[in-house]
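One structure is given here, and the rest of the page talks about it.
The values are calculated or read from the model by the stated rules, or taken from the named source; none is laboratory data. None of the values given here were measured: they were computed from a predicted structure. Here Cβ is always computed from backbone atoms with ideal geometry, including for glycine, and neighbour counts include all displayed protein chains. Accessible surface is based on the protein model in full, side chains and every heavy atom, while ligands, DNA and RNA are left aside. Shrake-Rupley method; radii C 1.70, N 1.55, O 1.52, S 1.80 Å.
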Amino acid sequence: MTNTAPARERTPKVLVETSRELPLVSVSVALRTGAILDPPEAQGAMRFLARLMRRSAGGRSADANDRLIEGMGGSLGAEVSQSALVFQGTVIARSLDRFVEALVDTIVRPTLPDEELERLRRETEAELKESLDDDRGLVNRWFRRRIFPGHPYSRSSGGTLGGVRSVTGDMLKALYRRAVVADNLLFAFSGDITEERAQKIAETLAGAVGGGPAPADDTPEPSVPPGRRLVFVDKPERSQTQILIGGLGSHPADPDHVALSIANTAFGGTFTARLMQEVRAKRGWSYGAYSNLPFDRQRQAFSLWTFPKASDAPACIALELEMLRAFREKGLTSSEFGWAKRYLVRSHAFALDTAAKRVGLTLDTELYNLPTGYYSQYVENLGAATLELANQAVRERLSDENILFSVVGTEQTTFADVKAAIPNLSSADVVRYDAE
């Protein structure tokens, strides 16, 4: 289908990072809205749309489109987050013109046929059923559902069985007309390409896309309900558990975000961090123990992840809770802070060592409304952060009271002990691992 609304005369936003090291070009075409556009009853609809656009580009079959891209020595896929949908491909430079034609077919001329929709629905249902075997995926899924209840970020961009079964052809065509408009596009190029050529490609593609206003992202700031809550995901015969503990996190727009990132690195961001040393090195309870501080266009959740055997899960939870309390009350030591800052400064070089990575960071800055210079001035901002600011950020941003415990295990053997290990619980729910 084609969005027939007239496009407005407007120069598209184009990001370019030229490199002649290899005769390859990477192209990203991003929509500034992603799974937040999913109807509540049809979680996964935008991902469905992206995959169907790729499969039905130019009215060809999915197999024909795969052969076309592979025949150019290229690749083309799509990723969907809550805030963005990104088509990303790489191709040999000499095939760029043909690749752009295929990309135009994908974004401007997908047919979205019903027969391919049904085939994709069956495949997606099978993928979702298979994902129930992944305990780490399950603990993340239920953590996301419960940490910000009722918020768009609690929904799954990958979809649910019920959501996938609710998707219709008319729904996808309506989403396409709403999302695939020139004002909603952002382009990024890297590799063996000039700025002039990249600009012409972007103008050609944007000019072929329909007009109309870009969808507004009115996603509110998420919030965490008060109290300590437990969601126990009951799965039979689990000798090992998966545990996520967390609450409200941070966002790069916060003035103390970089300082808090340093603190998170020292607490649980590396193999030698405090959490890993206490959980794995000293006690051998979990092969890994990490903390995470992600972000989206709004805040996401700060979390701790471990996966001890079932008999060690209660003690592991109690230890993590005590470590989080001590982290908030006492903060980092000067040596921990200095080491984490040096680690982040040195490792940042690996985030910039290819043209594709550099333009990818610039693209993220645009897509997620990051402060100007967030990545380009990252090392300087690390240098400006102080131990006092980091410890203040830990005290003020993180909580050891308003938090969620998401645990995958077997109710009959593990739930009671896990529940007893968490003082002052405000709620404790048991859900089946295959529940919607």
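Of note:
- Hey, S426 touching a Leu at 6+ places or on another chain (Cβ under 6 Å) and within 21 Å of G249 (Cβ to Cβ) or not: no
- Inter-residue pairs, beta-carbon under 8 Å, first under 18 Å from R94 (Cα atoms) and in segment 192-208, second in a helix (DSSP H, G or I) and β-branched (V, I, T), 6+ apart: I201/V100
- Residue in segment 329-350 that is within 22 Å of R283 (Cα to Cα), surrounded by 14 or more Cβ atoms within 10 Å (Cβ to Cβ), of a type in the set (A, V, I, L, M) and in contact (Cβ under 8 Å) with a residue 40 or more places away in the chain present: yes
- The condition of being of a type outside the set (F, W, Y) and more than 30 Å from I107 (Cβ to Cβ) holds for only one of I245, I201, that being I245.
- Residues of segment 11-34 satisfying the condition of being open to solvent by 50 Å² or more (accessible area, probe 1.4 Å) and part of a loop (DSSP other than H, G, I, E, B): T11, K13, R20, E21, L22, P23, R32
- Members of segment 43-77 that are of a type in the set (S, T, N, Q) and in contact with a helix residue (DSSP H, G or I) (Cβ under 6 Å, 6 or more places away or on another chain): Q43, S56
- Restricting attention to segment 319-343, the residues that are under 28 Å from the mean Cα position of the chain (by Cα) and within 19 Å of Y378 (Cα to Cα) total 6.
- Segment 300-312, subset touching a residue at least 60 places away in the same chain (Cβ under 8 Å) and farther than 9 Å from S286 by Cα, residue surrounded by the most Cβ atoms within 10 Å (Cβ to Cβ): F302
- Test: residue in segment 56-64 that is in a helix (DSSP H, G or I), basic (K, R) and either on the phi < 0 side of the Ramachandran plot or surrounded by 15 or more Cβ atoms within 10 Å (Cβ to Cβ) (or both): no
- Which listed residue, of A78, A62, A57, is of a type in the set (A, V, I, L, M) and touching a Phe, Trp or Tyr at 6+ places or on another chain (Cβ under 7 Å): A78
- Counting only residues that are within 28 Å of F327 (Cβ to Cβ), loosely packed, with under 15 Cβ neighbours inside 10 Å and either of a type in the set (F, W, Y) or within 22 Å of the chain's Cα centre (by Cα) (or both), segment 351-389 holds 1 of them.
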